[in-house]
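Here the structure is laid out as structure tokens; the discussion comes afterwards.
The values are calculated or read from the model by the stated rules, or taken from the named source; none is laboratory data. Model, not experiment: these values are computed from the prediction. Positions of Cβ are backbone-derived with ideal geometry, glycine not excepted, and every protein chain shown enters the neighbour counts. We work out accessible area using only protein heavy atoms, side chains counted, and drop any ligands, DNA or RNA first. Shrake-Rupley method; radii C 1.70, N 1.55, O 1.52, S 1.80 Å.
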Amino acid sequence: MCGIIGYVGNRQGMPLALDALRRMEYRGYDSAGIAVADNHQINSVKRAGKLRNLEDRIAEIGEENFHGSTAIGHTRWATHGRPTNENAHPHMSFDGKVAIVHNGIIENFAPLREELQRKGIEMMSETDSEVAAHLLALAYQEGETAGNFQASALAVLNRLEGAFTLLFMHADHPDQIIAGRRSTPLIVGVGDNEMFLGSDVAAFIEYTKNAVELGQDNVVVLRQHDFEILNFDGSPAQGRAFTIDWDLAAAEKGGFDSFMLKEIHEQPAAVRDTLAGHYHNGRVTLDEQNLSDEDLKYIDQVFVVACGSAYHSGLLAKYAIEHWVRIPVQIEVASEFRYRDPVLDERTLVLAISQSGETADTLEAVRHAKSQGAKVLAVCNTNGSQIPRESDAVLYTHAGPEIGVASTKAFLAQVAANYIVGLALAQAKGTKYPDEIAEIYRSLEEIPAKIESLLACEDQVTDIAQLLGAVRTMLFLGRGVGYPVALEGALKLKELAYIHAEGFPAGELKHGPIALIEDDLPVVVVVPSPRGVTLLHSKIVSNIQEIRARGAKTIVIAEEGDTAVEPYANWLIRIPETPSMMQPLLATVPLQFLAAEIARQCGNEDIDKPRNLAKSVTVE
Ligand code: F6R
């Protein structure tokens, strides 16, 4: 949830850490802070609110007062303790010698806090994190680990329960940082005479493309010229080296007003890159695969677990897999899954979808599925994150870094990836002929160019949003694969514009929601292709008439050439012709623009960081 940077090198640590926090602010943005070690002293500064407040505070104190080339920094999304200056990280120990930053939750912080208080140590914050700083200072002062930074850090890490990435700095060792991780991410960036730590590669992408991912319960000792990876018991461990294939430009706005608008425009590439390399010589392939064709053939039911937009992409997986593979697919919001005791066995495939790969609800669902003997296949956008690491197989989406908190390009990439999973299953179980699979894959490959042309609807959608004027509530209707699109459109509007919005299956309208329709209520209708199930198309045309008759203003999304809807649309947004199953990859795009523009008109200037939200939600 929080963003972490660590640096040991030859540059000034303060400006470098500030820059890194700027790039990671999307991970959490309710407070931020930095500590710099130099000359056996640690100087630390932190502030509640956006990074701007921290920058102002540093300017007040004077940046020259934070001299030093070993630094740790943190941008926070509050879990334990309100977003205040005191609760911001870094936390210092009672003797002023230790600084720590922490991402995750220390579950046993309450007894540790009591133990420290019994020793007369006064807590300065309401956080679970602070205990780690005091414990380290104590371990370094007394007992078997006295005077030994590494042994003290290991001793502390071994006492903690929960999920955490912790970076420790000690004034007596200003040339190193020791960090440990359990169930939350930590990547080492390997530079020339400088080393980095980051919650993700955005922290140090400007300086190096060489990275090493740490395993579960690993510790890293970071120095200017080298680093060492250990297990929590101090024995040597190995990380996984990889080369970062994003560049700095990918992590910046590229001329758009917001990351989100940039990311909407990157959708053709996100879908194209996700599809690339998964179909050759007439066969569909996944990525890291510990599931053989035999395993897939044996599967007789699928469960999809995901949250938010990823869940909406999962609804589309259900439509596709049931249609192509003819096995039952159940879908569950990840936070509900394990508490409901779902019936799983070794013939069940659990499809876990997550952009970040860190979402705690989805991760726990994965763990539950595995404990019940099910096979888990992750669809994920973040290399080296926890969900793919704990799954049997993974299909990476190649959307690149998604900085806007509201998901756009990662969502479309997830839909494309889910369809690849559906085709891999159909292939293994023989429910589609190879030439049918080839044809479906071809129609998927045509999608990026269609999205490209559809991006031109941005101006039209902006005009519509302006003509709508003040909007209090908005409904989104769809049928078949248009229903998840309606849900996604409503979620985007809620998140960005803070307006009440709901998505419904259009056929359900008459069973209740139609009572909401009143004069001038804007209703978006996603119309299925007239070339698909014709009954579905004609049914939705009737639904549009019903709402128009009750005074609603209709914004209709329909395929080029669909003339039947024209008389009932206040505004008509055209999308390119495509097979029905592919339509969500197009119909979602205008709804993303619509939400962004309505948000702008409502005065929400920073659509990249909607209030109360964080990009990756690592608490249940
Ligand atoms: C919505 C949004 C969230 C995420 C959800 C899951 O725009 O971004 O609903 O989709 O929190 O996140 P991941 O995919 O990282 O597991």
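Packing, as the average of other Cβ atoms within 10 Å across residues, places the peptides 198-205, 150-157 in the order 198-205, 150-157, highest first. A helix-only calculation puts the chain at -11000 deg cm²/dmol for mean residue ellipticity at 222 nm, using -39500 (n - 2.57) for each DSSP H run of at least four residues, averaged over all residues.
Once a ≥ b ≥ c are taken as the square roots of the eigenvalues of the Cα gyration tensor of the stretch 263-445, is the result rounded (a/c under 1.5), prolate (a/b larger than b/c) or oblate (a/b not larger than b/c)? The shape class here is oblate. Among the GluC sites (Glu not before Pro) in the stretch 497-558, those placed in a DSSP loop whose Cβ has at most 16 other Cβ atoms within 10 Å are Glu518. For Val284, the amide hydrogen comes within under 5 Å of no other amide hydrogen, counting only partners 5 or more places away or on other chains and with H modelled in the peptide plane. Overall, the anisotropy analysis places the stretch 507-620 in the prolate class: the square-rooted eigenvalues a ≥ b ≥ c of its C-alpha gyration tensor yield a/c not less than 1.5, with a/b exceeding b/c.
Of the heavy-atom accessible surface of the stretch 407-561 (probe 1.4 angstrom), what whole percent is carbon and sulfur? Of the solvent-accessible surface of the stretch 407-561, carbon and sulfur hold 51 percent. The overall shape of the chain, judged from the alpha-carbon gyration tensor, is prolate: a/c is not under 1.5, and a/b is greater than b/c. Under 5 Å from the amide H of Gln224 lies no amide H of any residue 5 or more positions distant or on a separate chain, with H modelled from the backbone and absent for Pro and chain starts.
Protein heavy-atom accessible surface, 1.4 Å probe, per residue over the chain: 37 Å². Computed over protein heavy atoms with a 1.4 Å probe, the carbon and sulfur contribution to the accessible area of the stretch 3-253 reaches 45%. What the phi angles of the stretch 580-594 give under the Karplus curve with 6.51, -1.76 and 1.60, with θ = phi - 60°, is a coupling list of 3, 4, 8, 4, x, 5, 9, 4, 5, 4, x, 5, 5, 4, 4 Hz, glycine and proline written as x. Note that the stretch 499-508 has calculated 3J(HN,Hα) couplings of 10, 5, 8, 9, x, 9, x, 4, x, 7 Hz, one per residue in order, obtained from phi through the Karplus relation 6.51 cos²θ - 1.76 cosθ + 1.60 (θ = phi - 60°); glycine and proline are x.
In a reduced charge model with +1 at each Lys and Arg Cβ and -1 at each Asp and Glu Cβ, the chain shows a dipole moment near 1040 debye about its Cα centre. Derived scalar couplings between HN and Hα for the stretch 55-60 equal 4, 4, 5, 5, 4, 4 Hz in order, rounded to whole Hz, by the Karplus curve 6.51 cos²θ - 1.76 cosθ + 1.60 (θ = phi - 60°), x for Gly and Pro. Other residues with beta-carbon under 12 Å from the beta-carbon of Val271 carry, at +1 per Lys or Arg and -1 per Asp or Glu, a net charge of -2.
Using Cβ point charges alone (K and R +1, D and E -1), the dipole size of the stretch 504-580 about the Cα centre works out to roughly 140 debye.
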